[in-house]
Amino acid sequence: MSNLSFTELRQLAGLSVDEAAGELGYCQSTVYRWERGEAKPKASVYRALEVLAQFGPKPSVFGADRDLQFRFIDLFAGIGGLRIGFQGIGGHCVFTSEWDRFAQETYRANFRDNHKLHGDVREFSEDPELIPEHDVLLGGFPCQPFSLAGVSKKNALGLPHGFMCDTQGTLFFDTAQIIAHHQPAAFVLENVKNLEGHDKGRTFATIMHALENELGYHVQARVISSASWVPQKRERIFIVGFREKTAFNLRELEIPPVAEGPKLGSILEAHDQVDPKYTLTPRLWEYLQEYRKKHEARGNGFGYSLFGPDDVARTLSARYHKDGSEILIAQEGRRPRRLTPQECARLMGFDRGERRWSIPVSDTQAYRQFGNAVVVPVVEFLANAMKDHLANALGSKRTSGEREPVAISRPDRKLTAVG
């Protein structure tokens, strides 16, 4: 860690600039000068930060059940929603990959780690041995268009198919490369609900074919709504794979009744505690009303959505920072307002019960991060449902030994942009 900068060490220790000043015993103005590169700290400061980065300045807020212990990796990690659920059942995260630097900042602020956060996962799929050994792979891979139409079309044409040619250039391809090399006991992948229907189902068929037929996993998928746990109608598909056959049945998991789920009032702050800056400006409110009227006249439903404490919100999106139109909170006698970032943390289940979520980034970045995240209580539900089956799978893996990695050659390919 000695080659890292002051800022990198501070972030690795999970400290804000102000927290670093307190931990190191320096005034904030001095630490801010180090942060901006206007002055260089003493060697003793670097040594102290290295210790904090290794052991952490304070206990993690995300406790773990040590009855089950396993290693997992967190790919396309965002701000760590998948991690929370599996750390909570006894998992230890040994590798994290997230390309967005603002998401990395939030991730570091909320998890005490002794491993570096890595960026683009593609450099690791080129050489998967760079990733530590692990028992479970977690990944919320972005859904990118595949290079070919998929398995169904090529079956009809009598052409050979496989994830090498069907998915190259996509981030699913890179995920599959890592699974093929490390052969983890299980994986959990998450994506948008529409993955199932993308390209008339061909994209999903290609993914399932690669996981089941080429990588040899027992794979199940299910779309789960978050409305049973949080006051938001957010549906995401979860793909669960076990290397060996288990009794786990994703389809038969009993989801709590949506009708008994919480309402917005459970996550909203008191009106007098909300900063006025979250109330829409007169100009923006007028624009949104006119926009809605225009589309209502055309017979479609485009426009803002207004909610009260007894409602369940629409899906929070990454564009929420632009106008907040998908979830506006009604205010009696006043223009509506956006959710605050902390309310978004509650809406997504990051800030829940005794768990407190730190938001070290701007409101704009926070809205983007929560809009792209998974709903944590859904992942916790899934992790707990998988726990006993994971224990059995890990026991089988450790007694039967490791399987040889799947032999896959990688052709030259043009990488698509991260999307």
Practice prompt. Would you mention how many residues in the stretch 107-120 are surrounded by fewer than 21 Cβ atoms within 10 Å (Cβ to Cβ) and free of Cβ contacts under 8 Å to residues at least 60 places away in the same chain?
Written response: 3
Worksheet item: Could you list, in sequence order, the residues of the stretch 27-44 that are loosely packed, with under 13 Cβ neighbours inside 10 Å and of a type in the set (A, V, I, L, M, F, W, C)?
Response: Cys27, Ala39, Ala43
Response to the item:
the stretch 266-349: helices (runs of 4 or more DSSP H) wholly inside it with 3 or more residues that are in contact with a Leu (Cβ under 7 Å, 6 or more places away or on another chain) are 341-347
Worksheet item: Quick check: is even one residue across the stretch 285-303 under 20 Å from Ala330 (Cβ atoms) and touching an Asp or Glu at 6+ places or on another chain (Cβ under 6 Å)?
Response: no
Discussion item. Any residue that is modelled with pLDDT of 95 or more, under 19 Å from the mean Cα position of the chain (by Cα) and crowded, with 21+ Cβ neighbours inside 10 Å - is there at least one of those in the stretch 280-289?
Written reply: no
Practice prompt. Search the stretch 121-142 for residues being modelled with pLDDT under 90 and part of a loop (DSSP other than H, G, I, E, B), and hand back the single one that is surrounded by the fewest Cβ atoms within 10 Å (Cβ to Cβ).
Written response: Pro142
Worksheet entry | The one condition in (1) without any contact (Cβ under 8 Å) to a residue 12 or more places away in the chain; (2) in contact with a strand residue (DSSP E or B) (Cβ under 6 Å, 6 or more places away or on another chain) that Gly241 fails to fulfil | (1)
Worksheet item: Does Arg251 satisfy the criteria of being within 22 Å of Gly139 (Cβ to Cβ) and touching a Ser or Thr at 6+ places or on another chain (Cβ under 6 Å)?
Response: no
Discussion item. Would you confirm whether or not the stretch 252-263 contains a residue that is in a helix (DSSP H, G or I) and either hydroxyl-bearing (Ser, Thr, Tyr) or exposed (fewer than 13 other Cβ atoms within 10 Å of the Cβ) (or both)?
Written reply: yes
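The values are calculated or read from the model by the stated rules, or taken from the named source; none is laboratory data. Computed from a predicted model, the values in this text were never measured in an experiment. When we count neighbours, we look across all protein chains shown, and the Cβ atoms used for this are built from the backbone with ideal geometry, even at glycine.
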